[in-house]
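See below for the structure under consideration.
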């Protein structure tokens, strides 16, 4: 809200909060551009736009958008680790715009609007985007506001931003914007516990957990794989073992399954991406390994050595697993060998996530 303008009309007795229709989108954007300090919001994904009316008159506008990709204050308050944050951002919505139109600054109006949004937003978000919501967030520019309306509505001040601005390819090197207050509002009693749990309850699962890796991260992954001795014959060897293993790992993380899908994923990489993986350079072009090379490496690489490299890489970039581990062994039925001994397999599995961290014969 910008300034306190004495309303010219009596306090509205009945407020109607509703989603705008497609034909009203232009009017909504025009009012935001004219009266909001930051102007109309660019389309950035899933969004819901509400209008508060008194009869036929528009009193206030409010928008909800996807959560900020990174916010240290919010992440610390939740207790997030990097490997779970990316996939769970969908459970948070950002109150990206809130505008009370001139002439309608009534006492306690903002709190009533925020309260009304909370009561219906989770259902609206689920019906429009098929995704549940657990929490709301918003940013308040400390240069202009104190966040009084959010404090009055019992939002939690999680901390402040540091003033860095998001740019293409990352964030600015130095603070370029004013510090913003970060407010959060849980929509569920156990929202904080659910968001930072090792595994989400089934009602909040959506696909699989994802990790965001930069080219620099993959450079270090190559360094880990370089410690594995190449078991292939030197004759006819065209691609380094570390490069092949890094490509396979990236393809699997991207959802590829089987030798053919992994090879198709590698073959579709651009020259710039192939350079990040240090693919073989021939006549000015970067080449990726063939399907047969990928299969040979996956079949013959030493599993224990590969597992250690991957575990060391994950521990460095994403931290050690924050869950209890179960160690158990099984005897494989029908695995009798010539010496009358059976094959035993030992597994290390996470209690909460069900993830297999290690397997050894």
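Between residue 56 and residue 34, the modelled label-to-label distance comes to 1.7 nm, taking each label 7 Å out from Cα in the direction of the beta carbon. Peptides 279-286, 191-198 ordered by packing proxy, namely the average of other Cβ atoms within 10 Å per residue, highest first: 191-198, 279-286. Given their separation in residues at 0.36 nm each and the Cα-Cα distance between them, residue 205 and residue 230 gain 5.0 nm when the chain is fully extended. By its C-alpha gyration tensor, with a ≥ b ≥ c as the square roots of the eigenvalues, how is segment 11-81 shaped: rounded for a/c under 1.5, else prolate for a/b larger than b/c, else oblate? Judged from the Cα gyration tensor, segment 11-81 comes out prolate (a/c at least 1.5, a/b above b/c). Spread over its residues, the convex hull of the C-alpha atoms of segment 56-147 is 121 Å³ per residue.
Size of segment 16-204: Rg and Dmax of its alpha carbons, in Å, are 16.7, 50. The listed peptides 181-187, 287-293, ordered by packing as a protection proxy, come out as 181-187, 287-293 (highest mean of other Cβ atoms within 10 Å first). Modelled this way, with points 7 Å down the Cα-to-C-beta line, the labels at residue 342 and residue 281 are 5.6 nm from one another.
Each peptide in 68-76, 223-231 was scored by the mean count of other Cβ atoms within 10 Å over its residues; highest first, the order is 68-76, 223-231.
No value in this document is a laboratory result; all are computed from the given coordinates. This structure is a prediction, so every number in the text was calculated from the model and none was measured. In this analysis, Cβ positions are derived from the backbone assuming ideal geometry, glycine residues included, and neighbour counts consider all displayed protein chains.
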